[in-house]
Amino acid sequence: MFQSRLLALGGLTAAGALLGAPEGEAAGPGPHRAPCRRSLTEYGLPPAEETHEIVRVPGRPMALVSQMSNSRLVKLRLDPRTEQVTGIRAFALGPSDAMLHGLAVSSRHPGRIWATHEGGNRLLLVDPQPDALDDAPRIEREIAVPGGGHGPHYISEYGDMLWVTLKESNQVLALDHTRPGRHRLFEARPQPIFAAQHPVSGDFYVSQDSASTVLRIDPRSGRTAQIPVPAEQGSTPVGLVAGPGGVWVVLLGTAQAGTGTFGRIGADGRIAWHRLRDPQGHAAGLLHLAFDPPGSRREREPGVWLLGSSIVSDAARDIVVRVRFDPSWTRIVGEEYAALPTQRCKAHRLLPLENSVFVTELTTATVAQLTGSGVSEVCR
């Protein structure tokens with residue numbers, strides 16, 4: 001049995017306060033519009049000191065969450081229509097000290113996921129048994145991190161290649177999972193966190209939080225370059241994902257303050273920076289970001305989800321931000337904000353689905369879900 005806590009936002013005042021109306025628009029509806037209603041539900045997971053990544057199994061009503069402190073994989077059964085959580089089970093995935101962390105959906109192996117043992121120094125191909133909540137996931141394959149690399153953190157699949165950030169040895173691993181002996185290690189600065197391929201140039205970019213720089217890798221020539229984050233924009237790049245027109249990155253900031261800053265890396269490696277304009281976002285420490293899945297109604301309008309976190313500062317708010325752009329993806333036209341019910345939870349990762357958005361809370365063994373009008377579609 002799992003526990004949930006619901007924060008409902010009915011009516012105009014509450015809805016406008018939690019998710020502020022887009023800039024230039026009133027918080028309430030017009031005379032012929034139904035009121036926006038949104039809610040945040042928190043689902044308690046089995047106890048763990050650290051709850052990290054979240055992915056959805058394609059084509060299945062199942063989401064998966066990694067808990068690093070005890071190396072458990074948590075299965076969340078979802079209602080196929082509403083996406084609400086209807087069941088939760090946690091399973092050991094390897095030794096308890098292996099530090100299960102990264103999760104990525106595999107296209108080469110449908111129904112499977114890749115995972116990392118950050119402490120055990122292994123890459124895993126896992127059958128999560130998504131059709132039955134009570135069936136334990138099975139590790140089908142293990143690949144040892146080669147070449148003296150250590151600390152596999154983030155993992156992603158690009159055809160036959162796996163790209164993995166090695167947090168402990170400050171390297172990036174590119175490995176052919178069909179022939180693991182074919183691999184390459186790229187030196188990084190402290191500490192590589194996320195990696196993503198640019199949709200236009202094909203180059204890979206890696207966020208390096210402690211160094212406050214972004215690593216650029218040409219996978220064809222093997223050449224690398226460092227892109228420093230300008231001090232006037234902020235510091236500490238963490239979340240980094242491929243998105244419309246480029247690779248997008250967010251800045252976490254320092255223990256004193258964030259700057260509510262994020263940017264898009266163009267094909268030439270230059271970063272176009274954006275800053276949240278609403279006062280709620282001025283000092284946001286942005287940890288993660290995500291785009292809507294293909295086919296969702298929200299995808300028709302340019303927008304990105306940002307996650308503000310208290311992970312480095314208790315003064316920072318744990319918030320979900322929806323940023324709307326103009327059709328060219330160059331100008332912000334609206335911002336909406338939702339504060340997580342449990343603050344100082346060190347909000348960690350975002351997962352937008354077709355009708356809702358999930359958030360993992362690092363230190364509370366909790367997953368929050370944002371639902372309602374304005375989430376499943378644009379609320380005006």
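The values are calculated or read from the model by the stated rules, or taken from the named source; none is laboratory data. Everything numeric in this text was worked out from a predicted model, so none of it was measured. Cβ coordinates were reconstructed from backbone atoms using ideal geometry, including for glycine residues, and neighbour counts include every protein chain displayed. Protein only, heavy atoms only, side chains kept; ligands, DNA and RNA dropped before computing areas. Shrake-Rupley method; radii C 1.70, N 1.55, O 1.52, S 1.80 Å.
Distance between the 7 Å Cα→Cβ label points at ARG297 and GLN233: 3.5 nm. Applying 0.36 nm per residue to the separation of VAL333 and SER96 and subtracting their alpha-carbon distance, the gain on full extension is 80.7 nm. Of the trypsin sites (Lys or Arg not before Pro) found in region 270-327, those that fall in a DSSP loop while having at most 12 other beta-carbon atoms within 10 Å are ARG270. Note on region 288-380: with charges restricted to the Cβ of Lys and Arg (+1) and Asp and Glu (-1), its dipole about the Cα centre is near 60 debye. Rolling a 1.4 Å probe over the heavy atoms of the protein chains gives region 101-247 an accessible area of 38 Å² per residue.
Given +1 at the Cβ of Lys and Arg, -1 at the Cβ of Asp and Glu and no other charges, the dipole of the chain around its Cα centre is 400 debye to the nearest 20.
Normalising by the residue count of region 43-157, find the relative contact order in percent from Cα pairs under 8 Å and 6+ residues apart.
Working: 297 pairs, mean separation 23.5, N = 115.
Contact order relative to length: 20 percent.
In the complete set of protein chains, residue-level accessible area for THR41 is approximately 20 Å², probe 1.4 angstrom.
Heavy-atom accessible area for VAL333, with the other protein chains in place and a 1.4 Å probe, reaches approximately 40 Å².
The heavy atoms of GLU140 offer some 90 square angstrom of accessible surface to a 1.4 angstrom probe. Full extension of the chain between ASP326 and GLU142 yields a length gain of 61.8 nm, computed as 0.36 nm times the residue separation minus the alpha carbon distance.
For the chain, the fraction of alpha-carbon pairs lying more than 31 Å apart is 32 percent, rounded to a whole number.
Mean sequence separation of contacting Cα pairs (under 8 Å, at least six apart), scaled by the length of region 160-317, corresponds to a relative contact order of 14 percent.
Share of the chain's accessible area from carbon and sulfur, percent, 1.4 Å? If you can, show how the numbers build up before the last one.
Values: 7400 of 14990 Å².
Accessible surface attributable to carbon and sulfur in the chain totals 49 percent.
Amide H contacts for ARG141 (H built 1.01 Å from N in the peptide plane; partners 5 or more residues away or on another chain; cut-off under 5 Å): LEU125.
Which trypsin sites (Lys or Arg not before Pro) in region 33-138 sit in a loop by DSSP (not H, G, I, E or B) and have at most 12 other Cβ atoms within 10 Å of their own Cβ? The qualifying sites are ARG33, ARG81. Projecting label points 7 angstrom from Cα along Cα→Cβ for ASP135 and GLU354 puts them 2.2 nm apart. Per-residue accessible area (protein heavy atoms, 1.4 Å probe) orders TYR158, TYR43 as TYR158, TYR43, starting from the largest. Distance between the pseudo-spin-label points of ARG184 and ALA267 (7 Å out from Cα toward the beta carbon): 2.1 nm. Fully extending the segment from ASP176 to SER107 would add 23.4 nm, taking 0.36 nm per residue of separation and subtracting the current Cα-Cα distance. Taking all Cα pairs closer than 8 Å and separated by 6 or more residues, the relative contact order of the chain comes to 13 percent. Each residue of region 44-57 was assigned a 3J(HN,Hα) from its phi angle through the Karplus expression (A = 6.51, B = -1.76, C = 1.60, θ = phi - 60°), giving x, 9, x, x, 6, 6, 9, 10, 10, 8, 9, 9, 10, 6 Hz with x at Gly and Pro.
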